[in-house]
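Reading through the structure tokens given below for one structure.
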Amino acid sequence: MGLFSKLKAEFVDIIEWLDDTQHTLVWRFPRYHNQIKNGAQLIVRPGQVAVFVHEGKLADVFEQGTHTLETRNLPILSTLQGWKYGFDSPFKAEVYFVSTRVITDLKWGTPSPVMMRDPEFGPIRLRAFGTYTLRAIDPKALISELVGTDGIFATDELETLMRGVIGQALADVLAGSKIAALDLASNYQKIAELLRRDVCEKIDDEYGLAVPQLFVVNVSLPEEVEKALDRRTSMNVIGDLGRYQQFQMAEAMTAAANNPAGGAGEGIGMGLGFAMANQMAQGYGRPGMAAGGPPPLPTAAQWYVANAGQSSGPMSAGDLQAAIASGQVSAATLVWCAGMSGWMPAGQVPQLAAAFGPPPPPPPPPGS
């Protein structure tokens, strides 16, 4: 390399940033020991801002376009450098390019559960996650508060900060909105907008950042609460628990009948069959009892009469009284009904003894 080429390499005459990344917010032009040449070209592309820093102090800011670096368009730097009447020699300064385009596909989530007082479940813990977009709106605030002397500052360095800010804002939004836990899913859009505004208030002035869009993808309940909701939903779907039990018994009987396990399967099937028959008798044969009404009337006694070694019957108590009155059944005739230990003469049965008493006396004659 000749002497002229070596000296030329010491001076920077074109300053630009060709950004091929997706999440870089700030990039420092690699000047190293080179000096910026008087009259150098500064190229600021769409979605970029260039900020000059001199000895740790923020100087001039350049928007989109091609700029020739002269004293007249570097007023702050000229004051810091002490250029009263312009400059002709190269100068040293750091140049930071700040991306002002919207950076998308950023994710957020609650680092720890957010406590919420629900009108139905009481105090519960919620977790949430979603996506958001980010944009730099104040390059000077961003460089002074977050970037410092970093050569490259990307969005991954903001993950912890944004997660904490969004998590705190979410707790405030949920407490202020007083939306029931079961109604959160239908209010994601409302919650997201309230959350976005709250986050912007916390980061725009202090860090020079804005959140153009924020989305709530999911708000999840604790596992035990979700299980309780599943059980409640299942009970509501079942409806009549008695009919459901009968259906379950019928399914179990079918499975037991098809089970080739032998005696065990048969015993299970018989037991379920008896249980199902008992439930069906209670549910359908006795509607009054199922509804809490009075018990059914007792069944009338049925009598049997023995004549010449053969029994006849059954007959009602009225029919038996008529047979006694007609002489077909005497006091010595053997009779039996349910509840008796065996056959007994009709005259010795307490319920029938009165029918075999002495006849009443004749009525007195007229005029006596």
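Read-outs throughout are calculated quantities, based only on the coordinates presented, and are distinct from any laboratory measurement. None of the values given here were measured: they were computed from a predicted structure. All Cβ positions, even for glycine, are placed from backbone atoms using ideal geometry, and neighbour counts span all protein chains on display.
Rank these for me by crowding, Asp19, Asp138, going from fewest to most other beta carbons within 10 Å.
Details: Asp19 13, Asp138 19.
Ranking Asp19, Asp138 by Cβ neighbours within 10 Å, fewest first, gives Asp19, Asp138.
Counting alpha carbon pairs within less than 8 Å and at least 6 residues apart, what relative contact order, in whole percent, applies to region 103-194? About 34 percent, as a whole number.
Mind listing which GluC sites (Glu not before Pro) in region 19-87 are in a DSSP loop and have 12 or fewer other Cβ atoms within 10 Å? Display every interim value, and only then the final one.
Working: sites: Glu55, Glu63, Glu70; in loops: Glu55, Glu63, Glu70.
Of the GluC sites (Glu not before Pro), the ones in loops of region 19-87 whose Cβ has at most 12 other Cβ atoms within 10 Å are Glu55, Glu63.
Cα extents for region 103-222 along the principal axes, largest to smallest and rounded to whole angstrom: 52, 22, 21.
Given a cut-off of under 8 Å on Cα pairs at least six residues apart, what relative contact order in percent is computed for region 152-221?
Details: 38 pairs, mean separation 22.7, N = 70.
With pairs under 8 Å counted, the relative contact order is 32 percent.
Using 25 Å as the Cα-Cα cut-off, could you pick out the over-long pairs in Lys57/Lys107; Lys107/Lys227; Lys190/Lys227; Lys140/Lys190; Lys107/Lys190?
Values: Lys57/Lys107 34 Å; Lys107/Lys227 28 Å; Lys190/Lys227 27 Å; Lys140/Lys190 33 Å; Lys107/Lys190 19 Å.
The answer is Lys57/Lys107; Lys107/Lys227; Lys190/Lys227; Lys140/Lys190.
Only Cα sites of region 298-352 enter the Debye sum here, all with the same form factor; the resulting log10 I(q)/I(0) across q = 0.25 1/Å is -1.05, listed in q order. Here the peptides 331-337, 48-54, 218-224 are ranked by packing, the mean other Cβ count within 10 Å, and the order with the highest first is 48-54, 331-337, 218-224. For region 123-193, the fraction of C-alpha pairs farther apart than 14 angstrom is 69 percent.
Assuming 1.306 mPa s and 10 °C, estimate D for region 34-92 with Stokes-Einstein, Rh taken as the Kirkwood radius over Cα pairs, in µm²/s. Intermediate values should be presented prior to the final figure.
On the way: Rh = 11.9 Å.
It diffuses with D of about 133 µm²/s by this estimate.
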